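Inspection log for the structure reproduced underneath, given as structure tokens.
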Amino acid sequence: MTQDDIRISKQFCKFCVRVLKNEAVNIEAELARQRKREKSLNELTNDEIIRLSVCDEYFAGEHIFNVLDKEIVVNDAALADVISKLPQAKRDVILLSFFAGMTDKEIGRELGAIQQTISKRRLSSLLQLRKLLDEEGFE
């Protein structure tokens, strides 16, 4: 290695050390700014904790119906309440049709009824649902 190479190597080492020191100073300054702005959770009062807290309500409005050994989930509590007021046969047809995505033919096969019976049951169920919803004040 020549003298020039050694000088350049030393200059590069000094440059790297200076960069690292400056970055350490920057990090320390940023941490000091954060300490000024932020408050530790241990320092919060009970009122502040309550005001800042959030309660998750996962599955709160969820209602599960069991039809033909299938769990069918209805996420709207008001709709689930009205559906639960239907007779079992009509409720099964509505749930299988609209929430399980089955056709009248598939539902008939599963329930042991012909397609026309299922279709009529579905239509009368919808009419009864509309009546129940109107009574509940839904439009």
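Just so you know, all these numbers are worked out from the coordinates, no wet-lab data involved. Keep in mind it's a predicted model, so treat the numbers as computed, not measured. Please note: Cβ atoms are built from the backbone with ideal geometry, for glycine as well, and neighbour counts cover all protein chains shown.
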> What angle do you read, to the nearest 10 degrees and between 0 and 90, between the alpha-carbon axis of helix 3-37 and the longest principal axis of the chain?
Replying inline: 50
> Per residue, what volume in Å³ does the Cα convex hull of the stretch 3-52 take up?
Replying inline: 67
> chymotrypsin sites (Phe, Trp or Tyr not before Pro) within the stretch 66-139: which are DSSP loop residues with at most 12 other Cβ atoms inside 10 Å?
Replying inline: F138
>> For the stretch 1-87, which chymotrypsin sites (Phe, Trp or Tyr not before Pro) pass both filters: DSSP loop (anything but H, G, I, E, B) and at most 14 other C-beta atoms within 10 Å?
In response: Y58, F59
>> Only Cα pairs within less than 10 Å get springs; with that Gaussian network setup on the chain, which residue of L126, L20, L79 has the largest fluctuation?
In response: L20
>> Below 28 Å, Cα to Cα, which lysines can K120 reach? Residues fewer than 8 away in the same chain don't count.
In response: K70, K85, K90, K105, K131
> Expressed in whole Å with the largest first, what are the equivalent ellipsoid semi-axes of the chain derived from the C-alpha gyration tensor as the square root of 5 times each eigenvalue?
Replying inline: 71, 26, 11
>> Nearest 500 deg cm²/dmol is fine: what mean residue ellipticity at 222 nm does the chain get from its DSSP H runs of n ≥ 4 alone, each adding -39,500 (n - 2.57), divided by its residue count?
In response: -20500 deg cm²/dmol
> Rounded, prolate or oblate: which fits the stretch 63-136, taking a ≥ b ≥ c as square roots of the Cα gyration tensor eigenvalues, rounded meaning a/c under 1.5, else prolate when a/b beats b/c?
Replying inline: oblate
> Once the Cα atoms of helix 115-136 and of the chain are each reduced to a long axis, what angle between those two axes, in degrees from 0 to 90 to the nearest 10, is obtained?
Replying inline: 70
> Can you pull out the trypsin sites (Lys or Arg not before Pro) in the stretch 60-139 that DSSP calls coil and that have at most 16 other Cβ atoms within 10 Å?
Replying inline: K85
